[in-house]
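Every read-out reported here was derived from the displayed coordinates using simple, explicitly stated rules and does not represent laboratory data. Keep in mind it's a predicted model, so treat the numbers as computed, not measured. All Cβ positions, glycine included, derive from the backbone under ideal geometry; neighbour counts span all protein chains shown.
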Amino acid sequence: MEPVVSSPVILSVYIISFVIGLPANLLALYAFSVKIHSRPGPTDILLLNLTVSDLLFLIILPLKMHEAASDMKWYLPRFLCSITSFTFFSTIYTSSLLLTAVSVVRYIGVAFPITYHQLLKPVYAIVTSAVIWLISAAHCSITFIAQHHPALYNSNSSVCYENFTPKQLQILLPVRLEFFFVLCLIPLLICVCCYLRCIQILYNRPRISRMQKQKAIGMALGTLAVFLVCVLPYNFTHVLGYFQGKSPQWRYYTLLLSTFNTCIDPVIFFFSSSTFRCTSTRSVFRRNLIYKTHI
């Protein structure tokens, strides 16, 4: 199956994402590394992992550029195809799950500030990040199974992780459908609920200035927009593909949106790492502490 998006378009998107995303994420990595060495917070640790995920995605992007420059044919060693496919897709899901974890932490910080301060130990965020990495890696191991299992191996394929045989599709399509529900829909619903609740709580807090509210709400809406634009469309192709019995051709458009996500994430990182903590958690915690002291 030939992609509906032309190879030059794919290559252009990859190059733009690499040129913008790599220095931006390296700068974010440095910033979060410095922050974590001084006083790490749960959000900082999660965003550091998100930065690492984006950098892994960008590191294998030159291989995808070579593929696009070769008219979507894979002339590199087959083991590089497996590694590239695994990294490409697992980092997409790692990012979406980490964004969900960040939304939960922010909700706890806004709605339950005292509980939030009791859970500030870095170990909680580290364990959460490790579990997310394991979940993504375990799910995306299907890229190795589909390409190397003796019963599924397609020795005549000249492309990387495309043009699947009927036997491969029998395995892949149900797994992709599970991806949609477990790794996309459920995290998205959690993310939406947490941020909508955050917005509602912040607007009802009279002690928080209007500018602080707008900053925090803007970051919440920006994160949700990234999730909806960069993550959801690609995963929705899994649902259509399951019922159609094949990969939709316009799946390539959605993959390009996911690629652009690496350019957008650093912007959110710099603005959001302390926004919620400064505008809501500390002020509410301080108010509650004063209130309890007077009682």
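Quick look at the numbers
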| quantity | calculated |
| --- | --- |
| Size of electric dipole in the stretch 7-294: Cβ of Lys, Arg +1 and of Asp, Glu -1, about Cα centre, debye, nearest 20 | 1340 debye |
| Tally of Lys pairs whose C-alpha atoms are under 20 Å apart, taken over the chain, 8 or more apart or cross-chain | 4 |
| Length added when fully stretched, Asp71-Ser12, from 0.36 nm per residue minus Cα-Cα | 20.0 nm |
| q = 0.10, 0.15, 0.21 Å⁻¹, the stretch 1-155: log10 I(q)/I(0) [Debye, one scatterer per Cα] | -0.47, -0.89, -1.32 |
| Translational diffusion of the stretch 163-229, µm² s⁻¹ [Kirkwood Rh, Cα pairs; Stokes-Einstein; 20 °C; 1.002 mPa s] | 149 µm²/s |
| Normalised contact order of the chain, rounded percent, pairs of Cα under 8 Å and 6 or more residues apart | 28 percent |
| Computed label-point distance, nm, for sites Leu120 and Arg39 using a 7 Å Cα→Cβ extension | 0.7 nm |
| Binned Cα-Cα distance frequencies in the stretch 89-131 - 5 Å width, integer % | 5, 22, 26, 23, 14, 6, 3, 0 |
| Separation of the Val19 and Gln249 label points, Cα + 7 Å toward Cβ, nm | 3.0 nm |
| Difference of contour (0.36 nm per residue) and Cα-Cα distance, Ile135 to Tyr203 | 20.9 nm |
